[in-house]
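Quick notes on the structure that follows.
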Amino acid sequence: MFTLAFSPCPNDTFIFDALVNKKIDTEGLGFDILLEDVQTLNQWALEGKIDFSKISYGVLPLILNNYQVLESGGALGKGVGPILISNADIQHSTFNIQHYQVAIPGENTTAHLLFSLAYPNTTNKKFMVFNEIENYVLQNKNTLGVIIHENRFTYQQKGLHKVIDLGNFWEQETNSPIPLGGIAAHRRIDKSVSQKVDKLIKKSLQYAFDNYPIITDYVKQHSQEMEEVVMKQHIDLYVNNFSLGLGSEGQKAVIKLLEVYQQLHPKVTINYNSIFLQSH
């Protein structure tokens, strides 16, 4: 029995539904399933707690001694990045970010890394769970928020405004897709087992794709406050061919993210040895 952890967000439950609920042959492998927000998953990965876990690529530089990245199950793409929002219509060209407190969905998230690339000198940050950020910005003056997941579909309805699309900034600066999150396998697990899990995740996702646009009960039960149309928007945005397999383009994007992290944190030593479980 192996621990498998991911978030309750529709993109993750969509990917793992067939595996978790044995709609595919799990080839004799059993899993103890844990669903938590990405900040908790990142913390568990830092502690080496989970065998197979969804992680933010923002935490990857700090866990490479213990984990490798699987090919399948991740979120990576173009036009999928976090957005910096405000409760007032700010002219990006004239505002000074030092006048604001910025709410960010976790210290070791990709969202924080992309924000730091755009605003490297910002110090007034507040780390909080991603789904609390919209309301925090609405209720507090002189605050900005970095939003992810389904919040990019809902912030305008709440009267919030986009300051900058941090994903677009990343793409322009690096000329690569945005690596948001991936599936990490602990190095203590036998390589052949991790490779089998990688293939099962791909098979699980292919099963979901084959039956889409049906939204299963498993996805719905973990997205109770979300309308079905938002679930589909979420899946359409974050689940794509990169989720089936990173391939060389995806791997290059992840390495680029590690290099950017290294520039921002020169004192951190990054283990570039065997980042990916399977090389192409």
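FYI, it's all coordinate maths here, none of it is from the lab. The structure presented is a predicted model; accordingly, all values stated were derived computationally and were not measured. Glycine gets a Cβ as well: all are built from the backbone with ideal geometry, and neighbour counts include every protein chain shown.
Computed with the Debye formula from one identical point scatterer per Cα of the range 83-174, without solvent, the log10 of I(q)/I(0) at q = 0.11, 0.15, 0.17, 0.22 Å⁻¹ comes to -0.26, -0.49, -0.64, -1.14.
Sorting the segments 30-39, 109-118 by their residues' average number of neighbouring beta-carbon atoms within 10 angstrom, most packed first, yields 109-118, 30-39. Where does helix 247-264 land angle-wise versus the long Cα axis of the chain, in degrees 0 to 90, nearest 10? So the helix axis and the longest Cα principal axis differ by about 50 degrees. Counting only residues at least eight positions apart within a chain, or on another chain, the aspartates and glutamates with an alpha carbon under 19 Å from that of residue 141 are 89, 132. Cross-link partners of residue 202 among lysines, defined as those whose alpha carbon lies under 19 angstrom from its own and excluding same-chain residues fewer than eight positions apart: 22, 23, 54, 191.
Of the candidates 156, 43, 251, which one comes out as most mobile in a Gaussian network treatment of the chain with C-alpha springs shorter than 10 Å? Checking each option, the largest mean-square fluctuation is seen for 156.
Here the chain carries DSSP beta bridges of which approximately 60% are antiparallel, counting only pairs with both residues inside. Evaluated with a Cβ-only charge set (Lys, Arg +1; Asp, Glu -1), the range 120-207 carries a dipole of roughly 400 debye about its Cα centre, given to the nearest 20.
For residue 126, the residues whose modelled amide H falls within less than 5 Å of its own, excluding neighbours fewer than 5 places apart on the same chain, are 102, 103, 104. When Rg and the Kirkwood radius Rh are both evaluated on Cα atoms of the range 1-115, their ratio Rg/Rh stands at 1.06. Highest mean first, the peptides 265-276, 234-245 sorted by other C-beta atoms within 10 Å per residue fall in the order 234-245, 265-276.
Put simply, the amide H of residue 2, placed in the peptide plane, has neighbours under 5 Å in 30, 31, 32, leaving out anything fewer than 5 places away on its chain.
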